[in-house]
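The values are calculated or read from the model by the stated rules, or taken from the named source; none is laboratory data. From a predicted model like this one, the values you see are computed outputs, not experimental measurements. In this analysis, Cβ positions are derived from the backbone assuming ideal geometry, glycine residues included, and neighbour counts consider all displayed protein chains.
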Amino acid sequence: MSDNSHSDRHEGFHYSEEDVQREVTELEGKSATAARIFDLRRIIGGLFVLYGVIVTIAGITDSQSAIDKAQGVNINLWTGIGMLLLGIFFLAWLKLRPTPPPLPPVGLPEEKQGD
Amino acid sequence: MQTPTEGPLYLAAGLRLPTNWLDYTILAIYFVVVLGIGFAARRSVKTSLDFFLSGRSLPAWITGLAFISANLAATEILGMAANSAQYGAYTVHWYWIGAIPAMVFLGLVMMPFYYGSKVRSVPEFLLLRFDRAAHLLSSILFAFAAILIAGVNLYALAIVVEALLGWPQWVAIVVAGAFVLAYITLGGLSSAIYNEVLQFFVILAALIPITALGLKKVGGWDGLTHKLTATHGANFTTAWGGTGIGHVNPLGANWLTIVLGLGFVLSFGYWTTNFAEVQRALSAKNLSAAQRTPLIAAYPKIFIVFLVMIPGLVAAALIPKFGTAGSGYQYNDAIPYLMQELLPNGVLGIAVTGLLAAFMAGMAANVSSFNTVFTNDIWSKYVVRGREDAYYVGFGRLITVIGVLASIGTAFLASSFSNIMAYLQTLFSFFNVPMFVVFIVGMFWKRASAKAGFWGLLAGTVTAMINYFVFYKKGIISIPSDQGANFVSAIAGFVAGAVVMVAVSLFTRPKPAEELQGLVYGTRSPGMSEPPAPGDEAWYRRPALLGWGAVVLAAACYVPFSF
């Protein structure tokens with residue numbers, strides 16, 4: 001639909017900025033990404049909380065040889081806590097500023113949701 | 001151009017990591033999440049704009065982190081650590097002068113033209129500004145380069161996985177290729193970008209412990225510089241030491257070729273015209289977010305250098321003659337060596353996952369930009385025109401499959417003819433340079449005619465290649481290293497492209513002014529006048545402030561390395 005509009009009148013192939021503007025604006029109006037894409041913060045938060053818990057537990061149960069290998073630092077514990085905090089940060093951000101509800105489908109094409 | 005690896009990656013034998021079930025669990029969780037993102041993003045793909053450009057709807061923090069992540073591929077991480085082990089603190093130039101100014105220029109100066117004109121790719125901009133010849137040439141060069149670079153990435157991954165985990169090369173190539181194929185075919189650019197953002201955090205979680213423990217092992221920064229000064233000389237830990245014109249230094253470059261070749265031509269070419277990068281900004285939800293994409297990316301870029309340079313320096317300090325024949329290690333082994341030496345199971349799994357994720361993200365960035373250029377710029381404009389939108393979404397998925405298969409083929413080819421790949425990598429480092437000259441002249445000089453684009457592109461590409469492969473390789477001009485030759489070739493290509501463009505423009509008809517609206521500096525297009533979204537007036541979202549802040553910060557970072 002969006003594409004035959006230009007092809008039928010331009011046999012000589014002249015592709016101008018108006019063609020691009022019109023085509024992309026039309027597609028933006030029909031685009032589903034803004035309305036349907038999930039919030040990435042949930043995935044980052046979830047994965048890092050999970051990794052954080054796993055690595056922290058590994059740190060708590062680490063043998064002395066693992067700690068000696070890491071120059072006397074319980075690196076699993078520290079990295080685990082760091083990852084856990086990052087995960088919690090993303091989940092908290094999501095909680096405090098939740099995904100805005102999708103706009104009604106007949107919204108103006110240039111009207112996008114804020115973050 | 002950002003990856004100064006000396007040809008493909010080689011890792012020493014005997015770097016096998018002591019991975020256990022815990023590390024493999026961490027890796028397996030990541031692969032599940034990657035696929036999950038692909039499946040979940042699938043329902044957001046309705047139009048070709050969704051598939052190729054995420055519907056131009058993503059927030060700036062996501063596109064910004066994806067922008068840096070697309071660059072932070074594993075070849076870059078291992079390559080920059082290798083660079084540091086070999087050349088020392090000169091590595092900072094690839095970040096502070098070789099990235100930040102170009103990223104800021106992209107955000108502040110060029111993005112209004114890219115995003116405001118609503119083009120869907122870098123070649124499409126050339127179609128509007130110049131003509132079909134320039135468009136087709138740049139599209140084909142880009143598509144070709146993207147597949148080969150994706151293949152190089154895949155091959156590098158196979159070598160690293162074989163050395164570290166003991167998997168046969170073909171298993172790694174097929175597994176990684178299949179995952180990238182699955183998530184891009186399902187979710188298009190959105191799932192590529194989402195996975196890149198995820199990868200960014202995982203690779204940080206991998207590099208920070210390596211850097212911290214590495215520093216502890218050599219006795220902190222003081223211990224590190226002390227050791228390196230004793231073994232490698234005082235210039236090794238400075239940014240500019242020994243770069244006076246006429247001086248000899250291992251990099252084979254002086255301050256002028258660093259500033260002009262790396263800082264200006266190569267860097268601006270890569271950051272401002274490489275579609276694998278620019279595509280991330282074009283998927284942002286409005287002009288302000290698109291402008292902020294490279295600016296948000298600039299801040300992590302300033303500091304990531306420490307996470308790759310310090311492991312490289314630590315490796316050079318710990319092992320005498322690291323990287324040379326007698327040591328048993330290659331320069332590329334710096335990070336794997338420290339992983340093996342320092343990381344216990346658990347963090348080791350995170351580090352392995354981060355490296356694999358970085359390889360896959362590097363490949364995915366090339367595949368997702370390849371399918372866009374091939375579908376949007378080659379197929380829908382020259383082969384099958386005027387079909388309904390759903391056809392092009394389907395074709396985009398098909399060409400993704402073909403592109404990944406071609407990359408897998410390239411990777412297998414590379415594993416049998418590895419020196420060919422070293423050549424190809426160098427070759428492609430030149431493609432962005434003539435692209436940049438065509439852009440810069442086209443954007444700032446109204447008189448540049450439609451024909452000038454094609455001839456400038458061709459002349460610049462050919463000149464850079466002749467300079468490198470004939471003049472340098474045959475020893476007609478003497479430059480001490482491949483890196484130095486790379487810088488000089490870039491400058492030559494830039495100058496040749498500019499001269500040819502001016503000459504052709506003077507003898508051909510200029511493009512009518514009404515066809516240049518919003519494409520040339522000083523003009524505006526309707527897309528540029530969209531009002532700022534609510535909240536975008538906040539001071540911390542102002543592009544000018546973000547951009548100049550990054551430049552000042554990068555300049556300040558030079559201070560401790562300059563005296």
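Is it the case that some residue within the range B:115-135 is closer than 26 Å to residue B:408 by Cα and among the β-branched types (Val, Ile, Thr)? Checking the range B:115-135: at least one residue is closer than 26 Å to residue B:408 by Cα and among the β-branched types (Val, Ile, Thr). Taken over the range B:505-529, the criterion of being of a type in the set (Val, Ile, Thr) and at pLDDT 85 or above is satisfied by B:508, B:520. Looking across the range B:494-513 at every residue that is closer than 17 Å to residue B:461 by Cβ and not β-branched (Val, Ile, Thr), the one that is farthest from the chain's Cα centre (by Cα) is identified as B:503. The helices (runs of 4 or more DSSP H) falling completely within the range A:31-105 that include 2 or more residues that are crowded, with 21+ Cβ neighbours inside 10 Å and either among the small types (Gly, Ala, Ser) or at the interface with chain B (Cβ under 7 Å from one of its Cβ atoms) (or both) map to A:33-36, A:40-60, A:75-96.
Helices (runs of 4 or more DSSP H) fully within the range B:448-563 that include at least 1 residues being among the acidic types (Asp, Glu): B:482-507. Out of the residues in the range B:436-468 that are under 23 Å from the mean Cα position of the chain (by Cα) and aromatic (Phe, Trp, Tyr), which is farthest from residue B:262 (Cα to Cα)? Ranking the qualifying residues of the range B:436-468, first place goes to B:439.
Applying the criterion of being facing chain A (nearest Cβ under 7 Å) and farther than 30 Å from residue A:66 by Cβ to the residues of the range B:19-44, the residue that is surrounded by the fewest Cβ atoms within 10 Å (Cβ to Cβ) is B:43.
For the range B:199-252, filtered to residues that are touching a Ser or Thr at 6+ places or on another chain (Cβ under 6 Å) and hydroxyl-bearing (Ser, Thr, Tyr), the residue that is farthest from the other protein chains (Cβ to nearest Cβ) is B:237.
Within the range B:199-216, being of a type outside the set (S, T, N, Q) and under 13 Å from residue B:300 (Cβ atoms) holds for B:200, B:201, B:203, B:204, B:207, B:208. Of everything in the range B:530-563, what is at pLDDT below 85, surrounded by 15 or more Cβ atoms within 10 Å (Cβ to Cβ) and over 30 Å from residue A:25 (Cα atoms)? Give them in sequence order. B:561 - this is the single residue of the range B:530-563 that is at pLDDT below 85, surrounded by 15 or more Cβ atoms within 10 Å (Cβ to Cβ) and over 30 Å from residue A:25 (Cα atoms). Per this entry, residue B:32 is counted among residues that are farther than 20 Å from residue B:164 by Cα, more than 16 Å from the chain's Cα centre (by Cα) and free of Cβ contacts under 8 Å to residues at least 60 places away in the same chain.
Scan the range B:327-385 for residues that are among the basic types (Lys, Arg) and in contact with a Ser or Thr (Cβ under 6 Å, 6 or more places away or on another chain) and the total you get is 1.
Considering only residues in the range B:360-386 that are of a type in the set (Val, Ile, Thr) and away from every other protein chain (no Cβ under 14 Å), the one that is farthest from residue B:197 (Cα to Cα) turns out to be B:373. Looking for whichever is touching a helix residue (DSSP H, G or I) at 6+ places or on another chain (Cβ under 8 Å), closer than 29 Å to residue B:172 by Cβ and modelled with pLDDT under 95 here; the options are B:78, B:65. Which one fits? Answer to the selection: B:78. I'd like the full set of residues that are within 11 Å of chain A (Cβ to nearest Cβ), more than 15 Å from residue B:311 (Cβ to Cβ) and within 28 Å of the chain's Cα centre (by Cα), limited to the range B:323-349. Once the filter is applied, which keeps residues that are within 11 Å of chain A (Cβ to nearest Cβ), more than 15 Å from residue B:311 (Cβ to Cβ) and within 28 Å of the chain's Cα centre (by Cα), the range B:323-349 yields only B:349. Exactly one residue out of B:223, B:242 is in a helix (DSSP H, G or I) and either small (Gly, Ala, Ser) or within 19 Å of the chain's Cα centre (by Cα) (or both): that is B:223.
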